[in-house]
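Input: a single structure, listed below in structure tokens.
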Amino acid sequence: MSATGVSVDVAREVRAICGEENVRERPIGGVYVSPASAEEVAAVLALANERQLTVGPAGGSTERSAAELHVDLLLHLNRLTGVEHYDHADLTVGVGAGTTIAQLSAMVNADNLMFASDPALPGRCTIGGLLATAAHGPLRHGYGGVRDFCIGVRFVTGDGKRAKGGGRVVKNVAGYDLMKLLIGSYGTLAVITSASFKLFPAPRQTRTFLAEFRTANEALQFRDRVVGSPLSPMCLELVSPGARKLMRPEMTEDAWVMCLRAAGSDIVLARYHKELGSAITTELEGDDETKMWRAIADFPVTGNLNRAIERAPEMIGAAPRFNVTVPLNEVAEVISVIDEFPKVMSDSSGGGLFGIGMVGRVGVGHILTTAWPESFGMGLDSDTFSNFLVKRLPRQSNLTVAGSVNPWPIAPPHFASMRAVKQALDPKNILRGREMF
């Protein structure tokens, strides 16, 4: 059934499940549904499966999908905010999928603990959205991605069956690792309703060291020096000249900046200062340090655009972000090619794009890119960027572009197995978080 064809009877049944006030019609067709529990999520999906209605799971909408516009039921999980368990002594917590990252962080910070994920817009980004998109921030370098410290998920399959993977304790070794299967699946396999995580002690003090370089290659040589040293920074981030000017318009220098954040005692921080030596141009602490890392995590959402998004979430599309994953030894080549993107697009469209910015977890092979046109009305999507990389990097079989219809510019191996997993968890293909299958 199309997104404009939800019948009155179906809408009535959904209201009976979730309550009159939690179901409303969407201007573009279909209905918006906000269940309050995993049981209600299961009932809605069972109904959708029976009637062959398409469903699009949604969180804080910090990352938009075209598939969301063409579903019969847009399933918002913002009411699933309960705390299922919290053992600060055991460093574990379990919360509903609608809990925002800011809410979870505030809760555990009160006990001097840290949830080691710092995605963009933490006041909007939900746990379910974080897991579905495998989002990450600068802390990805020191603590790994969310799949590295997620210890359990509870979810509902496309045919309305409740299930779980992992558990509430750190040592879970039995059975198939469903957590890693669902993390990054963009809601196409199942709807995550809650999750459990390992927490970390919060650092008592941190300091950020900045080093400026004329070229990206010089900056990456500094990265290699740090990675090969005994130092273990929390964050190691590359900021391109374009990204730097986007975040701080008053900057005029065309410098590539390596940002290293360290935690520890005065003695430990002094060792960082000594080991990094004359390469360091600036050191930051306190509010200045916190603001800088928030700007990097939110990139490319900055300043007025951030405030506009709080008032009108649809403005998120005005700041496209292309998330590229690449092997470490090929980061330099990919950065060089991405730097050519504005010129190629301008030549092909007769003018338009005038800037490009990159930030990157270059110690783990993640590059976040944005390109801004003279007019946001021109339109620029992930597939355009992905196709550009395919042409310029035909040998890069390990490169992925999150957010694309096909996030792998080159067809991934074992695609038949991926289809089989989709069929097992969502037999009637009702879940459309991404049009990937």
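The values are calculated or read from the model by the stated rules, or taken from the named source; none is laboratory data. Computed from a prediction, not measured in an experiment: that's the story for all the values here. So basically every Cβ, Gly included, is an ideal-geometry build from the backbone, and we count neighbours across all protein chains shown.
Observations on the structure shown:
- The residue of segment 232-242 that is nearest to the chain's Cα centre (by Cα), among those that are within 18 Å of THR282 (Cα to Cα) and not in a strand (DSSP E or B), is MET234.
- Pick from segment 178-224, criterion touching an Asp or Glu at 6+ places or on another chain (Cβ under 9 Å) and of a type in the set (D, E, K, R), ranking: nearest to ALA106 (Cα to Cα): LYS198
- Among residues of segment 248-285, those that are hydrophobic (A, V, I, L, M, F, W, C), outside any strand (DSSP E or B) and in contact with a strand residue (DSSP E or B) (Cβ under 8 Å, 6 or more places away or on another chain), counted: 6
- Test: residue in segment 174-183 that is farther than 30 Å from VAL55 by Cβ and either of a type in the set (Asp, Glu) or surrounded by fewer than 20 Cβ atoms within 10 Å (Cβ to Cβ) (or both): yes
- Test for ARG248: is it charged (D, E, K, R) and modelled with pLDDT of 95 or more: no
- Within segment 86-101, the residues that satisfy the criterion of being surrounded by 14 or more Cβ atoms within 10 Å (Cβ to Cβ) and part of a strand (DSSP E or B) are TYR86, THR92, VAL93, GLY94, VAL95, GLY96, THR100.
- Of the residues screened, THR157 is one that is polar (S, T, N, Q) and surrounded by 16 or more Cβ atoms within 10 Å (Cβ to Cβ).
- Residue count, segment 204-237 (criterion: touching a residue at least 60 places away in the same chain (Cβ under 8 Å) and aromatic (Phe, Trp, Tyr)): 1
- Test: residue in segment 106-117 that is crowded, with 24+ Cβ neighbours inside 10 Å, of a type in the set (A, V, I, L, M) and on the phi < 0 side of the Ramachandran plot: no
Table: residues versus (1) small (Gly, Ala, Ser); (2) farther than 19 Å from GLY56 by Cα; (3) at pLDDT 95 or above.
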| site | (1), (2), (3) |
| --- | --- |
| LEU75 | no, no, no |
| LEU80 | no, no, yes |
| VAL93 | no, yes, yes |
| GLY98 | yes, no, yes |
| ASP111 | no, yes, yes |
| ALA116 | yes, yes, yes |
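- Test set (1) closer than 25 Å to PRO138 by Cα; (2) of a type in the set (A, V, I, L, M); (3) modelled with pLDDT under 80 - ILE367 fails condition number: (3)
- Residue list for segment 231-254, restricted to those being in contact with a helix residue (DSSP H, G or I) (Cβ under 6 Å, 6 or more places away or on another chain) and either of a type in the set (S, T, N, Q) or closer than 13 Å to GLU212 by Cβ (or both): LEU238, MET251, ASP254
- Any chance ALA120 is within 27 Å of HIS366 (Cβ to Cβ) and surrounded by fewer than 19 Cβ atoms within 10 Å (Cβ to Cβ): no
- Residue satisfying all of: in segment 259-281; of a type in the set (Val, Ile, Thr) and over 20 Å from ASP224 (Cα atoms); surrounded by the fewest Cβ atoms within 10 Å (Cβ to Cβ) among these: ILE267
- In summary, GLY30 fulfils each of the numbered conditions (1) on the phi < 0 side of the Ramachandran plot; (2) modelled with pLDDT under 90; (3) not hydrophobic (A, V, I, L, M, F, W, C) with the single exception of condition (1).
- Residue satisfying condition, being touching a residue at least 24 places away in the same chain (Cβ under 8 Å) and under 27 Å from PRO122 (Cβ atoms), within set GLU275, GLU283, GLU250: GLU283
- Test: VAL156 is among the aliphatic types (A, V, I, L, M) and closer than 29 Å to LYS428 by Cβ: yes
- Residue list for segment 198-230, restricted to those being surrounded by fewer than 17 Cβ atoms within 10 Å (Cβ to Cβ) and over 25 Å from the mean Cα position of the chain (by Cα): ARG204, GLN205, ARG214, THR215, ASN217, GLU218, GLN221, ASP224, ARG225, GLY228, SER229, PRO230
- Restricting the search to strands (runs of 3 or more DSSP E) fully inside segment 121-203 and requiring at least 1 residues that are assigned by TED's automatic domain parsing to the domain that holds ALA102 and hydroxyl-bearing (Ser, Thr, Tyr) gives 150-157, 190-198.
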